[in-house]
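Notes follow the structure.
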There are 2 protein chains.
Amino acid sequence: MGASDDKMSAEDRLIADFFKPLATHPGALGLTDDAAFLTPAPGTDVVLTADAIIGGVHFFPDDDARDVARKALRVNLSDLAAKGAAPLGFLVSLALPQDIGADWLKRFALGLREDAEAYACPLFGGDTVRTPGPVMVAVTMFGSVPSGKMVRRAGARPGHRIFVTGTIGDAALGLVLRKGATWTLDAARRDHLLSRYLTPQPRNALAEAVRAYASTAMDVSDGLAGDLTKLCRMSGVAATIDVASVPLSDAVRAAVAIDPAMRETALTGGDDFEVLLTVPEPGAAAFRAAANAAQVPVADIGVIEAGEGAHFMEAGRELAFKRLSFSHF
Amino acid sequence: MGASDDKMSAEDRLIADFFKPLATHPGALGLTDDAAFLTPAPGTDVVLTADAIIGGVHFFPDDDARDVARKALRVNLSDLAAKGAAPLGFLVSLALPQDIGADWLKRFALGLREDAEAYACPLFGGDTVRTPGPVMVAVTMFGSVPSGKMVRRAGARPGHRIFVTGTIGDAALGLVLRKGATWTLDAARRDHLLSRYLTPQPRNALAEAVRAYASTAMDVSDGLAGDLTKLCRMSGVAATIDVASVPLSDAVRAAVAIDPAMRETALTGGDDFEVLLTVPEPGAAAFRAAANAAQVPVADIGVIEAGEGAHFMEAGRELAFKRLSFSHF
């Protein structure tokens, strides 16, 4: 037996063909080793986050593999953004059915590559395994913050203003449309909602402003109402939200006008991947300016108070939601 | 809606009940945040590795969940050992069928906890998702080495001695037994092989000696012959192995005595999770002494030469293998 008659395994071939070009960091060793390494800059912490997505649960089996890859990365990038961290890189464990095919892999690698470049977040390694089940993409991402500066869920105090980026509910309504809604919208609005569900737009441009001004932050992945409740629980405070101030896209407003139940779906549905944060009052104006400079829209939606829970107020009355938050599990 | 009528999601409950006790590192924030953080010691690199295991592929669906958890951690611990790294912690993405049940989770958490303690490798976070497929456990582990000192696959030079820890082939023959072998052994030998397949014994005690003396190292996960071939390819060298020197357990010897084909299975089969390393000749004696001090058995099985491929020699003749290595994929 010599190297000449030695065959690379199918797994090695896949990795070599499609994934090595993504491993641009020297510590990734071109994916040729058992492990990778990184040398953190002095005075920094490494921020660690992991989110997995599964075919038929977090994405549709017929989604373009490029979109699957981008979603897998972006749900993790969104966590880094909310923690005030700059992306350093990622590992991916990929479980693939035997019949997945080279085309799927090529599209998947394309999506990974586009976003690895766009977010300066190179591939460091991972694992490819066969599964008798659906595709699973488990990404672990690591980022960098100055030591001790990761923004947390705990630390909101009465008087802190509550901000959220972008608009809320687009992805949840996109999912309703995707599943076959009882209502319809014009093509432009429909496409907007579907696209917001398919491809999250994480707010990494805001990470530095979050770190500079936020007392707490998290990304909105399980719905605004539920995620804000978690933030309140961790901080030991209450939140009062002015529902009229919650930023809704034109498409969501149009859907709510047709089916008023869609407002609750927007406020409690998942997959927004916006940043929810609290800012001590003295810094609120400076935070707005920093967000503006970063070209990330932010809205002041309420205030932290003493007490418990998140209270969504409209014309002096509190909204009651059928369910608080979205859970895949 | 207030916190009083707010229900924790099923996922939150699972995490709180079973996994929080494992998150002993302050940077894990008790699993209450979107991310975790670690502060690397000055002058160190963070070593990153990811390996996933899937029910029906890497473990049997009826395996005790405690063993599944230990296998998921140990295949990653083995990578750190081979890279000369000390464990720092891990993240786990867990895909679970809806009907998994609390008992399974309790056993799984028990296994994670036992090994997190035994290997000083705490849980930093992760993700739990529902899957219509089999259980998947995707672990990402991180370790620490002095900067620039991660031991690689590239760097073996002619004259370097080739060492392997422990014994080779036990797990591969354990798998043959588990699947229903045509041969049989006495209970003690049978149990030895089955246990070596079920629960890897990673060589983390040897990490410091590997770092001090090895020119290259990797763990043997896909079979000695195939993994040594990869090491040779990365280093641009050949390896000559003295088959008589490859350490085999009494149980493997007994199986080979009954079915001679089992020798090839032992040399090419997977899941050994021993360390394969090369040591420049001047350090070989000191390496042996360090391994002895660490109570890890090591065997000198051959030498690196100029050329290509791994050559397994017996009585002056080279063995030809039907297949070089084990691939799950």
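Every number here is computed from the coordinates shown, using simple stated rules; none is lab data. Quick caveat: nothing in here was measured; it's all calculated off a predicted structure. Don't worry about glycine lacking a Cβ; one is built from the backbone with ideal geometry, like all the others, and counts go over all protein chains shown.
Binning the C-alpha pair distances of segment B:54-97 at 10 Å intervals from 0 yields a P(r) profile of 23, 50, 24, 3 %, listed from the shortest bin outward. If you add up the charges near A:Leu319, with Lys and Arg at +1 and Asp and Glu at -1, over every other residue whose beta carbon is less than 10 angstrom from its beta carbon, what do you get? Surrounding charge for A:Leu319 is -1. Rg/Rh for segment A:179-234 (Cα atoms only, Rh after Kirkwood) is 1.10. How much FRET efficiency would the formula 1/(1 + (r/R0)^6) give for B:Ser147 and A:Leu319, where r is the Cβ-Cβ distance and R0 is 56 Å, rounded to 0.05? So, using R0 = 56 Å, E works out to roughly 0.55. In chain A, the calculated helix contribution to ellipticity at 222 nm averages -10000 deg cm²/dmol per residue, counting -39,500 (n - 2.57) for every DSSP H run with n ≥ 4.
Relative to the longest principal axis of the Cα atoms of chain B, the long axis of helix B:102-118 lies at roughly 60 degrees. For the residue pairs B:Lys71/B:Lys179; A:Lys83/B:Lys83; B:Lys20/B:Lys106; A:Lys106/A:Lys179; A:Lys149/B:Lys83, alpha carbon separations beyond 21 Å are given by A:Lys83/B:Lys83; A:Lys106/A:Lys179; A:Lys149/B:Lys83. Counting from the shortest, the label point at B:Gly307, 7 Å from Cα toward Cβ, is 8.1 nm from the same position in each remaining copy. Packing-based ranking of A:209-215, B:241-247, B:73-79 yields B:73-79, A:209-215, B:241-247, ordered from highest to lowest mean Cβ neighbour count within 10 Å.
Packing around the peptides B:28-40, A:175-187, taken as the average count of other Cβ atoms within 10 Å per residue, puts them in this order, highest first: B:28-40, A:175-187. For segment A:7-146, the Cα gyration tensor yields ellipsoid semi-axes of 25, 18, 12 Å (square root of five times each eigenvalue, largest first, whole Å).
Within 10 Å of each residue's Cβ, count the other Cβ atoms and sort A:Met136, B:Met313, B:Met262 from fewest upward.
Final ranking by Cβ density, sparse to dense: B:Met313, B:Met262, A:Met136.
Peptide B:311-319 has a mean of 1 when you count, residue by residue, the C-beta atoms of other protein chains within 10 Å of its C-beta.
Take each residue of peptide A:227-238, count the partner chain Cβ atoms within 10 Å of its Cβ, and average: the result is 2. Note on segment A:56-209: semi-axes of the ellipsoid equivalent to its C-alpha gyration tensor, largest first and rounded to whole Å, are 28, 24, 13. Think of the axis that spins chain B onto A; the B residue whose C-beta lies nearest it, and the distance in whole Å, is B:Gly133, 1. Between copies, the label points of A:Ala187, set 7 Å from Cα on the Cα→Cβ line, lie 7.5 nm apart, reported in increasing order to one decimal in nanometres. Counting only DSSP beta bridges whose two residues both lie in segment B:161-318, roughly 80 percent are antiparallel.
If a spin label sat at a point 7 angstrom from the Cα of B:Gln295 along the line to its beta carbon, no backbone N atom of segment B:69-88 would be nearer than 12 Å. Ranked by how many other Cβ atoms sit within 10 Å of their own Cβ, fewest first, the residues A:Phe273, B:Phe142 fall in the order A:Phe273, B:Phe142.
Shielding by partners for peptide A:121-132, expressed as the average number of C-beta atoms from other protein chains within 10 Å of each residue's C-beta, is 5. Only beta bridges with both residues in segment A:7-146 are counted; by DSSP, about 70 percent of them are antiparallel. Compactness of the protein assembly as shown, taken as the C-alpha radius of gyration over 2.2 N^0.38 Å, stands at 1.02. Each of A:Ile168, A:Ile100 has some number of other Cβ atoms within 10 Å of its Cβ, and from fewest to most they run A:Ile100, A:Ile168. Amide hydrogen proximity for A:Thr44: with H placed 1.01 Å from N in the peptide plane, the residues at 5 or more positions away or on another chain lying under 5 Å are A:Ser147. Segment B:225-288 and segment A:18-45 have their alpha-carbon centroids 28 Å apart. Taking every DSSP beta bridge that has both ends in the protein assembly as shown, the antiparallel portion is near 75%.
Panel values: chain B, Kirkwood radius from alpha carbon pairs, Stokes-Einstein at 4 °C and 1.567 mPa s, translational diffusion coefficient 62 µm²/s.
Projected onto its three principal axes, the C-alpha set of segment B:215-329 covers 39, 34, 32 Å, listed from the longest axis down. Inter-copy label distances for B:Asp17: 4.5 nm (label point placed 7 Å from Cα along Cα→Cβ; shortest first). Using all pairs of distinct alpha-carbon atoms, the Kirkwood hydrodynamic radius of segment A:101-156 works out to 14.5 angstrom.
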